[in-house]
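Data block below; observations after.
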Amino acid sequence: MKKSMNKSRKKWNVSLAIGTVLILAVVIVCIVSFIYMPHDPIEMNTTLNFLRPGANESYILGTDNFGRDILSRIMMGSRTVLLVGVVSTAFGAVIGIILGGFAAMSKNIVSSIIMRFVDGMMAFPGILLAMMLVLVVGRGEKGSIVAIAMFIVPTFARLVYSMVLDTESMLFVKAAKSYGITKRRLFKKHYIPLMATRLITQFSSSIAHAIMVETSLSFLGLGIQAPNASWGLMLNESRKYFLTYPYLAVAPGIAIVFTVLGFNLFGDGLNELLENGKGGKR
Amino acid sequence: MQNYIIKRIWSALVVIFVVSFITYFVLMLIPGDAAQLILGTDASPDKLAELRNAMGLDRPWIVQYLEWLGGLLRLDFGKSYLYSTSVLGLIIDRLPVTASVAVLSILIAMVVSILLGTVSAIKRNTAIDYFSRSVMQIGSAIPTFWIGMLFIIFFGLKLKWFPISDYSPLSDGLFVHLRSLAMPCTVLAIGETGMMLRSIRTSMIDTLDQDYMDMARVKGLKNKTIYFKYAIRSAMIAPINVIGMQFAKLMGGTVVVESVFSLPGLGRLLLIAVEQRDVVLLQGIVMFITAVVVFTSLVVDLIVMLLNPKIRIRTRGE
């Protein structure tokens, strides 16, 4: 493992490069969508529905069942993907870091209750927990963000918990403790910087996860609601028609794959770079 | 070793308990209760109170929770409002579909990832390795529902190899059954392959880098013997854990796949329960699926322990 990693690093960190390009592309599309979109993504125009890509020059990717421009809806969907993906991951990460950190630093009954709770949250397979939470919070952007944040929490809580326990025996921690440092300060000033690389890498992969959950929820009709646009919702809307008009199912899917791939590769590449920079794993 | 087994079983039971707690309380937060659901939003407050009393919904939540939990232990999952039959019966009706899908797709994913993972570990940094690593990256980035739709368009509509959303149970014959499940299972397997392949590749590489592998080479053993007699055997231990984890992901993933391919399985039932806000049904399915997943990972852990001489010896020494 080490041999191959060093070799590839000297050459060129392909994952990081491709990941950065893909993420930048989505971010640029998102920014552009606020300035310019070829058509109104919400306005319906049933006389122009089911235009195949290229059938009309002003509708590059064609139109959907309501005659809405697919390209414009993809552009609008990039906002949803980034908003829900980043915000829910950030929420989940903060809660997870606090829970995991608290549990690891204060070893008492509370901390073991927290960790058992986290285990329980993690035991729900796939999007089951998110589906239940959507029922409570309601469908739409807010519901998705809350549901996905709770999906992200256990990952970070466990990661921080185990990392804090790993570092506890390190000399500088003992030194800091011998100076009578408060637990909160120890966590903020010493543990967080130490864990930063792993947390950043995990953050990137978690965004990819969050986007997967968002699109799945939207695809099942439990996430973003029309007329708002989400790539998963676009695929859901195309389900009735895609056997006759297969092109409807192509563009949103490609957009999802590129975005998820981008965050995954970015996370992997970053991991490779940072871990190597520190000289080997851990 | 006995201590370890007891500890592991205990922690699985604790997780199940926590899951039941979370499930019950999350779903209790849903606006509008069962009585409201049955009578509709414009029911009079008197009637609502009466029904609540009859259903026992006006008692403290802790009593209701304990009663529900006690029911679960007696395998009484309650009654669905939507179907007005027992939840367990509904689950058992739909279980075979989901079980078939889960088992078949994990088999497909295992075969593919063991083959590709081993080859790409042996031929590190060659075209084959890069190919299988790309497969693994892209495989874990493709949403199952999208690849499902593409499969329906391509293999169902264009090539007409497989039926589009037409499920045939095992009683129709094995071949027809497998044919109707081929697309959904392959689709699910694609999502699973990524993680499994990664772990098999990593663990194989770790094994190949061990000193005893060099030793075997120095002794003049043939590559084939080294790979198949020594490397695969010890490299398979770590991925078994991942396969257990993937099984969990897969049980969650069936919701989406069953929806795309209109399979009458547990995932579909779950989606119906969510859409119709049938809380009792939803609680029952979530508890059932999660319990299956937790016990699977328990069994996997115990198998790994039995397979791995390191853990066995270490725990014996304690």
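The values are calculated or read from the model by the stated rules, or taken from the named source; none is laboratory data. Since we're looking at a predicted model, the values are computed, not measured. Every residue, glycine as well, gets a Cβ built from its backbone with ideal geometry; the counts of neighbours run over all protein chains shown.
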- prompt: Would you call A:F117 surrounded by fewer than 23 Cβ atoms within 10 Å (Cβ to Cβ), part of a helix (DSSP H, G or I) and facing chain B (nearest Cβ under 10 Å)?
  reply: yes
- prompt: Considering segment B:296-310 alone, what residues qualify as being within 11 Å of the chain's Cα centre (by Cα) and either on the phi > 0 side of the Ramachandran plot or more than 9 Å from chain A (Cβ to nearest Cβ) (or both)?
  reply: B:T296
- prompt: With B:I92, B:I153, B:I106, B:I122 as the choices, which residue is under 21 Å from A:P125 (Cα atoms), surrounded by fewer than 22 Cβ atoms within 10 Å (Cβ to Cβ), of a type in the set (A, V, I, L, M, F, W, C) and within 14 Å of chain A (Cβ to nearest Cβ)?
  reply: B:I106
Criterion: of a type in the set (V, I, T), away from chain A (no Cβ under 14 Å), under 30 Å from A:M115 (Cβ atoms) and touching a residue at least 40 places away in the same chain (Cβ under 8 Å) - qualifying residue of B:I30, B:I38, B:I9: B:I9
- prompt: Does B:F175 meet the test of being in a helix (DSSP H, G or I) and exposed (fewer than 15 other Cβ atoms within 10 Å of the Cβ)?
  reply: yes
- request: Could you tell me which of the residues A:T47, A:T20 is more than 13 Å from every other protein chain (Cβ to nearest Cβ), surrounded by fewer than 17 Cβ atoms within 10 Å (Cβ to Cβ), assigned to a helix (DSSP H, G or I) and modelled with pLDDT under 85?
  value: A:T47
query: Which ranges mark the helices (runs of 4 or more DSSP H) fully within segment B:54-155 that have 2 or more residues being under 25 Å from A:G232 (Cβ atoms)?
result: B:87-122, B:127-141, B:144-151
Per-region count, segment B:206-259, residues surrounded by fewer than 23 Cβ atoms within 10 Å (Cβ to Cβ), of a type in the set (D, E) and touching a residue at least 24 places away in the same chain (Cβ under 8 Å): 1
query: From A:R158, A:R139, which residue is under 22 Å from A:A208 (Cβ atoms), charged (D, E, K, R) and surrounded by 17 or more Cβ atoms within 10 Å (Cβ to Cβ)?
result: A:R158
- request: Please identify the pairs in which a residue from segment A:206-225 that is more than 10 Å from chain B (Cβ to nearest Cβ) and outside any helix (DSSP H, G or I) has its Cβ atom under 9 Å from the Cβ atom of a residue that is of a type in the set (D, E, K, R) and surrounded by 24 or more Cβ atoms within 10 Å (Cβ to Cβ), counting only partners at least 6 apart or on another chain.
  value: A:G223/A:E214; A:I224/A:E214
statement: Conditions (1) more than 23 Å from A:T259 (Cα to Cα); (2) more than 21 Å from the chain's Cα centre (by Cα); (3) surrounded by fewer than 15 Cβ atoms within 10 Å (Cβ to Cβ) -> B:Y130 fails only (1)
task: Look through B:I285, B:I289, B:I272, B:I303 and report the one residue that is modelled with pLDDT under 90 and out of contact with any strand residue (DSSP E or B) (no Cβ under 6 Å at 6 or more places or on another chain).
output: B:I303
query: Which of the residues belonging to segment A:54-63 are assigned to a loop (DSSP other than H, G, I, E, B) and crowded, with 16+ Cβ neighbours inside 10 Å?
result: A:L61, A:G62
message: For a quick check of your reading: which helices (runs of 4 or more DSSP H) sit entirely within segment B:180-299 and have at least 2 residues that are under 30 Å from B:L150 (Cα atoms) and of a type outside the set (G, A, S)?
response: B:237-260, B:266-275
Single unsatisfied condition, B:S140 versus (1) closer than 15 Å to B:L104 by Cα; (2) crowded, with 18+ Cβ neighbours inside 10 Å: (1)
query: Can A:I200 be described as farther than 23 Å from B:T144 by Cβ, out of contact with any Pro (no Cβ under 9 Å at 6 or more places or on another chain) and not in a helix (DSSP H, G or I)?
result: no
Of all residues in segment A:26-44 being under 24 Å from the mean Cα position of the chain (by Cα) and loosely packed, with under 15 Cβ neighbours inside 10 Å, the one that is farthest from A:N264 (Cα to Cα): A:F34
query: Assuming A:D64 fulfils every condition listed in (1) at pLDDT below 85; (2) within 14 Å of chain B (Cβ to nearest Cβ) apart from one, which condition is it?
result: (2)
